[in-house]
Amino acid sequence: MLKGKNILLGVCGGIAAYKAVEVASSLRKKGAHVDVIMTDAATKFVTPLTFQEITGNPVSFSMWEKVHTWNVEHIALAKKADLILIAPATANIVGKIASGIADDMLSTTLMASTAPIFLAPAMNTNMYNNPIFQHNLKLLQDIAHYNIIPATTGHLACGNAGIGRFPDPADIIEIIEKFLGQKKDLIGKNILITAGGTREPIDPVRYIGNRSSGKMGYALAEEAARRGAKVTLISGQTSLTVSSSIELIKIETAKQMQQYVEEKFTDSDIIIMAAAVADYCVSKVAEQKIKKAANNFTINLVKNPDILLNLGNKKNPGQILVGFAAETQNLIEYAQEKLKRKNLDMIIANDVSKSNAGFNSDTNIVKIITKNKSVEDIPLMKKTTLAGIILDKIQVMENS
Ligand code: PMT
């Protein structure tokens, strides 16, 4: 994926600048041509000579000291780059870009570039959580060619532990490789995805919920959007965020989810129900907070609509309907029964009793079962990777 690509690495002044050396080295080992721009502050942490030796190219660090033979260096570098990676990205560079400031080699080059730009911020936790920094980051996230590689949580150079850590260089390379190798096979497709758990109110302060984090559905939505689909994501309450290209509709209850799903259904080519929808809701929601009284307390539950079953009953020819099955036993048997009863084209069965699969985990282990009775074992992997495999299988099904 990286072979022959021109990658421009922007290095800013933070302690993680030394880790950018590993990033540059990996990029080169994988066959990329790497140009480096360092900010003035970055040169206080690592010398330009280090990056020059690692990349085999001269390193730019000033508007006024020419290191290349090009006439206008920042324009030439901006035009040449297939992708720009800023790692580490400081609060300063993020603030500059968000404010439209171009006053040094790196910021002027970014201003002149139309290439995809990836930022890997790394800094002290309070700086990272600072609302001004978060506001600036969000501003960039909403601009189409900007991509944020979120900082991780852990021990920081300042002695604190928290969010703000520079991601593992191997993870940064993986994200970039994935982006460069991204298929655009879903252009022109409308995809409707549900994610997260529904909440069924008991009274104004209490609800019945489940452990779904939304990670599986959000991973599918992001992957589908990256591959060019127009994605609508109908989601239960989660703390996750999505790219601005995805239409996000947040709901609370199963009935609200059903309302929006039905609204979007006719225009959707592919529908994927990854949400954990409550099968029951409270028959009469109390208007006021229920006060503690007797030792025992009974709630009367009534059945919620089965959203997927209703969709299966009215599916149009050509539409692909995919469900998930969360099971703790008889995985294949129960999932196959749901596939048939709900008239699905495919069902993703996850054994949610496993600790690294199903609810609220970054990984999943599933079986992909199709209406022609094929069962494929998909081993433990990140939900983000699994999302790509599920969409590949749907594509094969659509084209067959
Ligand atoms: O969100 P995460 O933390 O990443 O966890 C992911 C997940 C475990 C929630 C996901 O992988 C998953 O399995 N989602 C489906 C959970 C579920 O409700 O399974 P089910 O077997 O009860 O339902 C079968 C299918 O019918 C599902 O596609 C569900 O969305 C749908 N359904 C269920 C009940 C209902 N009333 N209406 C529905 O449409």
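The values are calculated or read from the model by the stated rules, or taken from the named source; none is laboratory data. All of these numbers come straight from a predicted model, not from anything done at the bench. Every residue, glycine as well, gets a Cβ built from its backbone with ideal geometry; the counts of neighbours run over all protein chains shown. The accessibility values were calculated without ligands, DNA or RNA, using every heavy atom of the protein model including side chains. Shrake-Rupley method; radii C 1.70, N 1.55, O 1.52, S 1.80 Å.
When E287 is tested against (1) among the acidic types (D, E); (2) closer than 24 Å to Y218 by Cβ; (3) more than 10 Å from the ligand (Cβ to nearest atom), only condition (2) is not met. Just a yes or no: is a residue in segment 97-112 over 20 Å from the mean Cα position of the chain (by Cα), in the same structural domain as M38 (by TED's automatic domain parsing), open to solvent by 40 Å² or more (accessible area, probe 1.4 Å) and under 20 Å from N57 (Cα atoms)? The answer is no, given that none of the residues of segment 97-112 is over 20 Å from the mean Cα position of the chain (by Cα), in the same structural domain as M38 (by TED's automatic domain parsing), open to solvent by 40 Å² or more (accessible area, probe 1.4 Å) and under 20 Å from N57 (Cα atoms).
Does segment 184-215 hold any residues that are more than 16 Å from the ligand (Cβ to nearest atom) and in contact with a Leu (Cβ under 9 Å, 6 or more places away or on another chain), and which are they? Across segment 184-215, the qualifying residues are D185, L186.
Across segment 283-306, what is the total count of residues that are within 23 Å of I272 (Cβ to Cβ) and free of Cβ contacts under 8 Å to residues at least 60 places away in the same chain? Counting residues in segment 283-306 that are within 23 Å of I272 (Cβ to Cβ) and free of Cβ contacts under 8 Å to residues at least 60 places away in the same chain gives 2. Going residue by residue through segment 294-305, is there one that turns out to be modelled with pLDDT under 95, at positive phi, outside any helix (DSSP H, G or I) and in the same structural domain as P204 (by TED's automatic domain parsing)? There is no residue in segment 294-305 that is modelled with pLDDT under 95, at positive phi, outside any helix (DSSP H, G or I) and in the same structural domain as P204 (by TED's automatic domain parsing).
Pick out, from segment 343-400, the strands (runs of 3 or more DSSP E) lying fully within it that include 1 or more residues that are more than 13 Å from the ligand (Cβ to nearest atom) and assigned by TED's automatic domain parsing to the domain that holds E333.
Details: elements: 346-351, 363-370, 375-382.
Output list reads 363-370, 375-382.
Of all residues in segment 210-225, which are closer than 12 Å to S243 by Cβ and surrounded by fewer than 21 Cβ atoms within 10 Å (Cβ to Cβ)? Hit for segment 210-225 is E222, nothing else.
Taking the criterion of being open to solvent by 30 Å² or more (accessible area, probe 1.4 Å) and near the ligand (Cβ under 10 Å from one of its atoms), the residues of segment 318-336 that qualify are F324, A326, Y334.
Only residues that are within 10 Å of the ligand (Cβ to nearest atom), buried (at least 18 other Cβ atoms within 10 Å of the Cβ) and farther than 20 Å from L391 by Cα were counted in segment 241-282, giving 6.
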